[in-house]
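Some notes on the structure that comes next.
Only the coordinates and a few stated rules stand behind these numbers; no lab work does. These figures come from a predicted structure and were not determined experimentally. When we count neighbours, we look across all protein chains shown, and the Cβ atoms used for this are built from the backbone with ideal geometry, even at glycine.
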């Protein structure tokens, strides 16, 4: 919590792909005298910004490195594959990891999925610094990029198409796992272990408390460095790419 001559204000960090609009609207409706500053943060330094006191709380992606930060896991993001509109992969309604075998994977420096056992071949050129740069390469048919759907939509391009990446039931546990990212609200607690007063109010809003209950004690959040991610449900059988090539263009499902 910061305070200037006009009084206290809450600084809330937000990583790419997260839209805190509904919570921000609720905050401004309940706390008209306390400004809420939404501060964009690069995913790589969101945790450091909290530890340095640059923000009071942040929406970021798990896992976190520091055991000093407290977090409340919120939701698991959908993972998609971005590809050129000219790619044959667009003939499929969804993709499994096995569909990416033989494809070139473009992984930017600011990648948030860290897919260790990804199939396919790594991009042979200079690694792009940002996801936006990676999507530019994808649009020029240099390969495909696997990323959270929320980030892909935020960087929307007309020359790039998205397909959900889902588990392949036919591969079972032997196939590559689908990577996923989880969003959490995190903060650095006071020496007492409790959140600062304004952060406490924000936690209540995020948890859905009413205006009459936001001053109650916050339920104990997760303090582990990791989080249990929701498993992506296995999909049912889908047509192979070879079969999809035989579809009539006018009947292709988007």
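Considering (1) touching a residue at least 24 places away in the same chain (Cβ under 8 Å); (2) part of a helix (DSSP H, G or I), say which one residue 163 fails and leave the rest. Tallying (1) touching a residue at least 24 places away in the same chain (Cβ under 8 Å); (2) part of a helix (DSSP H, G or I), residue 163 fails exactly one: (2). There is at least one residue in segment 143-159 that is touching a helix residue (DSSP H, G or I) at 6+ places or on another chain (Cβ under 9 Å), assigned to a loop (DSSP other than H, G, I, E, B) and closer than 17 Å to residue 101 by Cα.
Do you know which of the residues in segment 121-132 that are crowded, with 19+ Cβ neighbours inside 10 Å and in contact with a strand residue (DSSP E or B) (Cβ under 7 Å, 6 or more places away or on another chain) is farthest from residue 164 (Cα to Cα)? Out of the qualifying residues, it is 123. When we screen 185, 137 for residues that are over 23 Å from residue 63 (Cα atoms) and crowded, with 20+ Cβ neighbours inside 10 Å, the only hit is 137.
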